[in-house]
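Heads up, the thing below is written out as structure tokens.
The values are calculated or read from the model by the stated rules, or taken from the named source; none is laboratory data. It should be emphasised that the depicted structure is a prediction, and the values quoted were computed from it without experimental measurement. Note: ideal-geometry Cβ built from the backbone for every residue, glycine included; neighbour counts use all protein chains shown.
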Amino acid sequence: MTGALVAEHLTKIIGKRTIVDDVSFDLRPGEVFGFLGPNGAGKTTTIRMLVGLIRPTRGAITVCGYDIRRHFEKAMRCIGCIVENPDLYRFMTGRENLEHFARMLGVGQSEIERVASLVNLAHRLDQRVGTYSLGMRQRLGIAQAMLGSPRVLILDEPANGLDPAGIREIRELLRNLAAEQGLAVFVSSHLLAEIELTADRVAIIHKGKILRSGTVRELISSQRAMEIRVGDVHRAAEVLRAKGIEVTLTDDTVLAPIEETQAPPLIAALTENGIDVYHARQRVQSLEEMFLDVTGGETVD
Amino acid sequence: MFLALIRNEILKLLRRKRFAIVVGIMLVILTLVSYSQYRQLREMKNANWRAELQERIARYENRLRRGRINESWARSMRAEVRRLQFYLDRGINPEQPTAPLVVRTFANAAGFLLLPLLIAVLGSDIVSAENAEGTDKLLLTRPVRRWKILSAKLVTLWLFASLTLFVGGALSYLVTAPVLPAGGWDAPTFNGFQLSGETFSVDHVRQLPLWQDALIAYGLEWYALLAVASISLMLSVMFKSSAASIGTMLASLIGGTILTRISPDWTAGKYLFVSALPLADYYTGQAPPYDGMSMTFCITLLGAWAVAALIAAYLLFTKRDVFG
């Protein structure tokens with residue numbers, strides 16, 4: 001596999017508990033990868049393994065072609081990350097924080113100005129981080145992660161605790177970074193709507209295992225259906241089944257797993273048979289519904 | 001690169017304002033000391049120091065004769081009697097209050113509890129605080145190996161331990177010089193008293209001017225404090241909270257001292273690091289709590305503790321999984 005970041009068969013066992021179980025995925029340049037799962041599914045443990053905070057029991061992580069265990073420094077130079085909360089040094093100013101991490105990377109003042117303007121923080125940079133709002137700390141965290149122009153950006157729950165405007169701002173920033181600078185962006189979240197809007201590809205993790213993965217479009221289109229409200233559902237079902245379409249019924253609608261383009265002749269067939277058609281629309285199962293479907297609606301504590 | 005890491009650590013330590021607190025604490029204590037010394041000086045103007053010293057020796061001897069004090073105390077009291085007598089015989093007042101003597105005494109008095117505690121305060125911040133504030137996640141995900149980060153922290157802590165001792169010495173002069181005689185660096189001192197078992201030997205006693213004696217005492221104290229700093233780094237790596245790491249240091253200093261003083265029969269106590277900690281005291285001629293604790297033994301013991309603590313700290317820091 002080639003990719004900006006490749007995780008193969010990641011497994012973490014603590015005591016007798018398997019927290020992450022054989023998780024594999026790869027991040028490609030220029031795309032946002034969504035990592036979706038309920039709290040306690042193993043998202044944060046996986047992220048901590050990706051950035052070298054936790055040693056996997058089994059499996060390997062390669063970043064920009066470097067194995068994270070054998071070439072830690074080279075691999076980490078390729079990654080910028082925020083793990084859980086954007087915890088920066090509250091007793092220092094934003095600029096001092098950036099200078100602190102810039103020194104660890106060996107990059108200069110111009111880089112600090114660059115990342116500060118990237119996240120629109122230049123005007124508050126000389127105030128103590130303790131006085132920042134959560135949104136500003138989140139942005140400072142991203143600025144910090146962008147120091148040294150990494151190829152991979154890993155963000156753990158970046159939307160956590162932000163107001164709607166802040167969430168949108170972060171989302172646009174991430175989309176731009178991927179589209180314009182070709183970054184591979186990894187975003188974890190337990191908010192489906194958020195991932196649906198932000199990510200190109202998604203992996204769904206539950207109880208430490210990846211249950212499903214693919215592009216957002218693939219996952220959604222596999223769940224497409226036409227929802228048709230009719231006067232007599234049983235006769236409508238007969239007509240459609242006669243045309244070889246498996247339908248499911250509710251009180252007043254039939255649900256047919258077909259594309260929108262296939263719909264007009266079927267509707268015509270229904271009216272020809274004297275069935276009243278009140279309403280027809282394409283139903284897209286949201287990630288949320290699919291997620292509940294896949295995980296069986298279970299939550300983990 | 002490594003210098004940049006050290007610069008980061010120094011910046012953080014100063015920004016947390018802990019060192020300012022440390023200097024503040026020393027300033028308050030030294031001001032009190034200087035005031036009490038000043039009062040003592042005024043009272044002694046008319047008194048005869050020989051008579052006072054004789055009286056003190058007599059008091060110690062009386063208590064020794066009455067018995068009923070524990071062997072560890074008795075030993076150190078006997079040693080103190082012989083030491084004072086040695087000065088008295090040569091017509092030298094060992095406690096003539098001058099600013100240089102306060103500087104010299106600071107090494108002994110503060111070296112045993114105050115300075116180790118202050119260093120534990122500085123040390124606990126250097127790793128525990130990063131854990132507690134969550135900043136370790138950023139620090140350890142940068143392209144710098146963990147052992148380098150810990151080394152930068154260790155060097156910084158050693159630097160500030162040295163600075164604490166130096167500032168303490170300098171402050172004790174600056175605070176007392178206005179009220180006590182500022183000179184007296186040449187006053188004669190005796191050292192090299194040896195105590196083994198029941199014999200108190202003066203065969204190796206040398207006479208040194210106070211400034212030289214002070215330099216040796218500060219050198220020993222510096223060594224002891226570097227060992228304390230290393231141990232406190234280990235505690236800081238071990239505990240997630242600053243309070244736990246300061247608390248453990250405090251408990252081992254006080255608990256260890258009490259233990260060695262109340263149960264002198266438990267000879268394994270001589271391998272505790274607190275037994276060897278007051279190097280400056282032993283150099284001056286005070287009796288260690290156990291038999292067979294020569295200066296070489298104490299220095300080796302402290303060194304061994306420091307090395308063991310550092311090995312544990314590095315292993316733990318570089319190998320462990322960092323959870324939330």
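Some observations on this one:
- Restricting B:302, B:253, B:316, B:310 to residues that are among the hydrophobic types (A, V, I, L, M, F, W, C), closer than 30 Å to residue B:205 by Cα, part of a helix (DSSP H, G or I) and in contact (Cβ under 8 Å) with a residue 40 or more places away in the chain narrows the list to B:302.
- Only one entry of A:130, A:42, A:80 meets the criterion of being in contact (Cβ under 8 Å) with a residue 40 or more places away in the chain, more than 10 Å from chain B (Cβ to nearest Cβ) and surrounded by 17 or more Cβ atoms within 10 Å (Cβ to Cβ), and that entry is A:42.
- Helices (runs of 4 or more DSSP H) completely within region B:40-147 that count 3 or more residues being within 14 Å of another protein chain (Cβ to nearest Cβ) and of a type in the set (D, E, K, R): B:114-133
- Verdict on residue A:32 being within 14 Å of another protein chain (Cβ to nearest Cβ), of a type in the set (A, V, I, L, M) and within 28 Å of residue A:295 (Cα to Cα): no
- Hits in region B:301-324 - residues which are over 25 Å from residue B:137 (Cβ atoms) and not aliphatic (A, V, I, L, M): B:303, B:305
- Looking only at region A:83-114, and only at residues there that are of a type in the set (Asp, Glu) and within 11 Å of chain B (Cβ to nearest Cβ), the one that is farthest from residue A:137 (Cα to Cα): A:99
- Residues that are in contact with a strand residue (DSSP E or B) (Cβ under 7 Å, 6 or more places away or on another chain) and at the interface with another protein chain (Cβ under 7 Å from one of its Cβ atoms) were ranked within region A:51-73; the one that is nearest to residue A:184 (Cα to Cα) is A:51.
- The residue that is nearest to the chain's Cα centre (by Cα), counting only those in region A:43-102 that are part of a strand (DSSP E or B) and of a type in the set (Val, Ile, Thr), is A:82.
- Options A:42, A:80; residue that is in contact with a Pro (Cβ under 8 Å, 6 or more places away or on another chain), closer than 15 Å to residue A:157 by Cα, assigned by TED's automatic domain parsing to the domain that holds residue A:205 and not charged (D, E, K, R): A:80
- Residue among B:273, B:239 that is farther than 15 Å from residue B:76 by Cα, aromatic (Phe, Trp, Tyr) and within 18 Å of the chain's Cα centre (by Cα): B:273
- Residue B:175 being among the β-branched types (Val, Ile, Thr) and either without any contact (Cβ under 8 Å) to a residue 12 or more places away in the chain or touching a Leu at 6+ places or on another chain (Cβ under 6 Å) (or both): yes
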